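First the structure, in the form of structure tokens, and then the observations on it.
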Amino acid sequence: MALKITVIGTGYLGATHAAAMAELGFEVLGLDVVPEKIEMLKRGEVPMYEPGLEELLRKHVAGIEGSSGRLRFTMDWAEVGEFGDVHFVCVNTPQKHGEYACDMSYVDAAFESLAPHLHGPALVVGKSTVPVGSADRLAARLAELAPAGEDAELAWNPEFLREGFAVNDTLHPDRIVVGVRSERAEKLLREVYATPVTAGSPFVLTDFPTAELVKTSANSFLATKISFINAMAEVCEAADGDVVKLAEAIGHDERIGKKFLRAGIGFGGGCLPKDIRAFMARAGELGADQALTFLREIDSINMRQRGQMVELAREALGGGSFLGKRVAVLGAAFKPDSDDVRDSPALNVAGQIHLQGGQVTVYDPKGMANARRLFPTLAYADSAIEAVRGADVVLHLTEWREFRELDPAVLGEAVTTRLVLDGRNALDPEVWRRAGWTYRAMGRPTA
Ligand code: UGA
């Protein structure tokens, strides 16, 4: 009989994981503690913008015409405990207020709520990004609280999906990492992931701490790559070099690789920034803080990029104050193909200029509602062309395809000054310059 799977927490990670498990042929029950989310998901609607996710969900949510009916949602812990052979915990672990450390309260609450309902053999699988050592602690708590005792077991299986590619990353992961303590746990997880493993995804078997560390070290490495190229951009800026050419050239070395070397206003979102901070905090607790002091520098290079974008804009506008200047901002999401504005560099830059007296108008293809909620005092336009109308400067801050496809000649008619600053090094300077624009980007030569 096919395994029955539950997914606890239905944010980016959980909603995608639940739909993907149904796609792989399992019966799935998703749980969240937010009633609005569950109501939406039951109707086959996704609470965020993620390409392909709504289609996948509608393909499987019970009650939707033509669906497989394999995916259902509930708020009832007893039902979840009763239903599942394997329970995936996918709740979020944000940064603690006023601290670097990670807030484990949602994970802890999920275990406290689930465990008392585990009466028979069950595997609980942690997917949330947690400080190393958490799995050890949670395994003990599980054994304590579950009526099934030793039969309720824990495994740790970090997730590497990227927003914007969540569905594909979940169905075709580039690796599956599982931390287990028994053959039974390994066997169950091999069964869950049989389809992607057969299709070629490597299955990496490990212990608890290594599984937890794989996740935080992967995100730290990615953050380091981005801050490295942004540091090179600073040097290029000072030496009149071109960071885009530099990235292309070093990227030809296979040991370095081309990906994640796009210089610009840096990384944001709900993962990389908080994960490197939580990693530093945890290393400190373990007495290994020296090993990670470089991450402090990675973080500060990253945060510096935002300020430098503001200074580039100030300088391009003739120096001095932003008072009375009209600034168009293209992009609010922390990356393209997402409506997520958490710790978004784009919105941060827009906000800084606004707070210094600039008249900032923002447009983003999908992030408008979230941006308005987070930063209601900024002005918002319904299209790129409306955002740039009358602008003294245009800031390109999230590299949506829609912005690369804009016609600089048409935009040029709408602005006051043909001045564009590319915070993502993603526009083609030649195309813009030919249309009479002054193009500037960090770490690239002026024309
Ligand atoms: C990141 C990791 O890439 C995923 O593997 C991981 O699973 C996820 O965090 C997580 O921990 O859940 P994500 O937050 O979706 O995924 O975003 P990324 O694609 O990593 O981009 C992060 C930020 O870096 C964005 O703001 C992006 O604009 C920026 N970035 C990326 C650059 O500035 N330059 C680059 O070359 C690449």
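What is the antiparallel percent of DSSP beta bridges lying wholly in the chain, to the nearest 5? Here the antiparallel bridges make up roughly 5 percent for the chain. Hydrophobic long helices, here whole DSSP H runs in the chain with Kyte-Doolittle means of at least 1.0 and Cα atoms spread over 24 Å or more along the helix axis, are not found. At the residue level, Ser105 shows approximately 60 square angstrom of accessible surface with a 1.4 angstrom probe and all protein chains present. Using C-alpha pairs under 8 Å with a sequence gap of at least 6, the mean separation divided by the residue count of the range 223-441 gives a relative contact order of 18 percent. Taking every protein chain into account, the accessible area of the range 335-438 amounts to 42 square angstrom per residue (probe 1.4 Å).
Normalising the average separation of contacting C-alpha pairs (under 8 angstrom, six or more residues apart) by the number of residues puts the relative contact order of the range 33-178 at 19 percent.
Quick one: with all protein chains in place, what share of the accessible area of the chain is carbon or sulfur, to the nearest percent (1.4 Å probe)? Don't jump to the answer; show the numbers that get you there.
Values: 10240 of 19180 Å².
After summing per-atom areas, the C and S share lands at 53 percent.
Measuring against 22 Å, Cα to Cα, the residue pairs Lys4/Lys127; Lys127/Lys274; Lys335/Lys366; Lys42/Lys335 contain Lys42/Lys335 as the ones spanning a longer distance. From helices alone, the chain scores -13000 deg cm²/dmol at 222 nm; the rule is -39500 (n - 2.57) for each run of n ≥ 4 DSSP H residues, then divide by the residue total.
The values are calculated or read from the model by the stated rules, or taken from the named source; none is laboratory data. Bear in mind the structure is a predicted one, so any value in this text is a computation, not a measurement. Accessible surface is based on the protein model in full, side chains and every heavy atom, while ligands, DNA and RNA are left aside. Shrake-Rupley method; radii C 1.70, N 1.55, O 1.52, S 1.80 Å.
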